[in-house]
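Here's the structure we're looking at; comments come further down.
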Amino acid sequence: MRRPFALLAGVLLVGVFAVPASAADGKGDNGGKGDKGFTITDPRIKESSGLAASRLHPGIYWTHNDSSDGPYIYAVDSATGRTVARITLSGVGRPRDVEAISIGPDDQIYVGDIGDNLGGKWPYVWIYRLPEPKKLVDQTIKATQYVVKYSDGARNAESLVVDPKTGRAYIIDKNENGGHLYQGPAKLSSSGSNIFRPVAPVDLWATDAAISPNGRQLAVRGYFGGIYYAWNGGKIKREGRLDVPLQGQGESVSYSPDGTKLLYGSEGEDSPVQAEDVPGDDSKTPAAGGSSDASGASDGGLGDNVKFGALAVVVAAAAVFGIRRLGRRH
């Protein structure tokens, strides 16, 4: 996805100051062992826009490019940052704007071709579903394609989550003033359209989201911050703010398989994936220095638990962000 230069300049400036050396070199605190963070080293992955922890293969995270790639997803080894398999999806058309990936029950991978940069150009978008491969080798796997429409009109979205207990799919639209959680039908149908309906507001300009493996927490991230909600089968209650690291262009989030870490990814070559403790009751060790805000007040995701050393840079980036907003297209 191509975004205005002003936004990229501001966000990249933040990234220069904010990415710790341990995350940038992919070694982290434990020599590159998965849930402490890693760096995606595959030169084919320049626009990593989604992230999902494998259930079948410990230490593997699935990702994909944005709008400039074919029907591919990549299995990345978090110990090395290297791609160990590229899966080609057959039975689907050429993707338009792939923005999210999630894993549901029975090791089914869901890929969200749900982006719409013009906020309503396409009357429908797609979700692809395929079984997670048992062997991690380059291969082609047949996927099922689902047509998705929204009950209140076309929109841009970058967040797709699948309930790990029910298998129901949800989408969060991307809106500067905050979006909504959209609930899909109980079971997706490959014939006809699947209508997604708004069920709850989300106080963030969301770039990705994930549901914890135990199905009790929803994490939603934006460029500069995030929010976590109690999750109860599609019903959400805001609980606090996420300790989102500052990244060049923060696009993705995933829970670790054991549910104790949140891993945050960014676009760009050699993009870092950084780990933070899961907040609230789902974490064995609460995030250091994290704060909680259960008031439900909307803050647009700017400044959520921003690390002190980069605070001044965030303010400058937010100013650039505001200039862009005044001149944005309608």
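One residue is enough: does region 122-142 have a residue meeting the conditions touching a Gly at 6+ places or on another chain (Cβ under 6 Å) and among the basic types (Lys, Arg)? For region 122-142, residues touching a Gly at 6+ places or on another chain (Cβ under 6 Å) and among the basic types (Lys, Arg): present.
The single condition from (1) crowded, with 16+ Cβ neighbours inside 10 Å; (2) part of a strand (DSSP E or B); (3) in contact (Cβ under 8 Å) with a residue 40 or more places away in the chain that Tyr182 fails is (3). Would you mind stating whether Ser159 is small (Gly, Ala, Ser) and either over 23 Å from Lys235 (Cβ atoms) or without any contact (Cβ under 8 Å) to a residue 60 or more places away in the chain (or both)? Spelling it out, it is not the case that Ser159 is small (Gly, Ala, Ser) and either over 23 Å from Lys235 (Cβ atoms) or without any contact (Cβ under 8 Å) to a residue 60 or more places away in the chain (or both).
With respect to the conditions (1) surrounded by fewer than 19 Cβ atoms within 10 Å (Cβ to Cβ); (2) at pLDDT 95 or above; (3) under 15 Å from Ile109 (Cα atoms); (4) in contact with a strand residue (DSSP E or B) (Cβ under 7 Å, 6 or more places away or on another chain), Leu56 lacks only one, and its number is (4). The residues of region 220-236 that are charged (D, E, K, R) and either buried (at least 24 other Cβ atoms within 10 Å of the Cβ) or free of Cβ contacts under 8 Å to residues at least 24 places away in the same chain (or both) amount to a single one, Arg221.
Among the small types (Gly, Ala, Ser), at pLDDT 95 or above and touching a helix residue (DSSP H, G or I) at 6+ places or on another chain (Cβ under 7 Å): which single residue out of Gly240, Gly226, Gly265 fits that description? If you could, list the steps in order and put the result at the bottom.
Details: Gly226 fails: touching a helix residue (DSSP H, G or I) at 6+ places or on another chain (Cβ under 7 Å); Gly265 fails: touching a helix residue (DSSP H, G or I) at 6+ places or on another chain (Cβ under 7 Å).
Being among the small types (Gly, Ala, Ser), at pLDDT 95 or above and touching a helix residue (DSSP H, G or I) at 6+ places or on another chain (Cβ under 7 Å) holds for just one of Gly240, Gly226, Gly265, which is Gly240.
Quick grid of which residues meet (1) charged (D, E, K, R); (2) in a strand (DSSP E or B); (3) touching a residue at least 12 places away in the same chain (Cβ under 8 Å); (4) farther than 20 Å from Gln108 by Cα:
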site: Lys187; (1), (2), (3), (4): yes, no, yes, no
site: Ala209; (1), (2), (3), (4): no, yes, yes, no
site: Leu218; (1), (2), (3), (4): no, yes, yes, no
site: Gly240; (1), (2), (3), (4): no, yes, yes, yes
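If only residues of region 93-114 that are touching a Phe, Trp or Tyr at 6+ places or on another chain (Cβ under 9 Å) and part of a loop (DSSP other than H, G, I, E, B) are counted, the one that is surrounded by the fewest Cβ atoms within 10 Å (Cβ to Cβ) is Gly93.
The residues on offer are Ser90, Ser78, Ser49, and the sole one that is among the polar types (S, T, N, Q), crowded, with 23+ Cβ neighbours inside 10 Å, in contact (Cβ under 8 Å) with a residue 24 or more places away in the chain and closer than 25 Å to Arg168 by Cα is Ser49.
Considering region 243-262 alone, what residues qualify as being of a type in the set (Gly, Ala, Ser) and either at pLDDT 95 or above or part of a loop (DSSP other than H, G, I, E, B) (or both)? Quick ask: steps written out before the conclusion?
Taking region 243-262 and keeping what is of a type in the set (Gly, Ala, Ser), we get 248, 250, 252, 254, 256, 259.
Within region 243-262, Gly248, Ser252, Ser254, Ser256, Gly259 qualify.
If you filter region 155-164 down to residues that are out of contact with any helix residue (DSSP H, G or I) (no Cβ under 7 Å at 6 or more places or on another chain) and part of a loop (DSSP other than H, G, I, E, B), you find that the one that is farthest from Trp122 (Cα to Cα) is Asp163. If you go through region 118-129 one residue at a time, do you hit one that is small (Gly, Ala, Ser), over 19 Å from the mean Cα position of the chain (by Cα), in a loop (DSSP other than H, G, I, E, B) and farther than 26 Å from Pro58 by Cβ? Looking through region 118-129, at least one residue is small (Gly, Ala, Ser), over 19 Å from the mean Cα position of the chain (by Cα), in a loop (DSSP other than H, G, I, E, B) and farther than 26 Å from Pro58 by Cβ. Within region 53-72, residues that are at positive phi have Cβ atoms under 6 Å from residues that are in a loop (DSSP other than H, G, I, E, B) and among the aliphatic types (A, V, I, L, M) in these pairs: Gly59/Ala79, counting only partners at least 6 apart in sequence or on another chain.
Picking from Asn175, Asn194, which residue would you name as being without any contact (Cβ under 8 Å) to a residue 40 or more places away in the chain and either surrounded by 15 or more Cβ atoms within 10 Å (Cβ to Cβ) or not in a loop (DSSP other than H, G, I, E, B) (or both)? Full working, then the answer.
Working: Asn194 fails: without any contact (Cβ under 8 Å) to a residue 40 or more places away in the chain.
Exactly one of Asn175, Asn194 is without any contact (Cβ under 8 Å) to a residue 40 or more places away in the chain and either surrounded by 15 or more Cβ atoms within 10 Å (Cβ to Cβ) or not in a loop (DSSP other than H, G, I, E, B) (or both), namely Asn175.
The values are calculated or read from the model by the stated rules, or taken from the named source; none is laboratory data. Since the structure is predicted, the reported quantities are computational estimates derived from the model, not experimental observations. Note: ideal-geometry Cβ built from the backbone for every residue, glycine included; neighbour counts use all protein chains shown.
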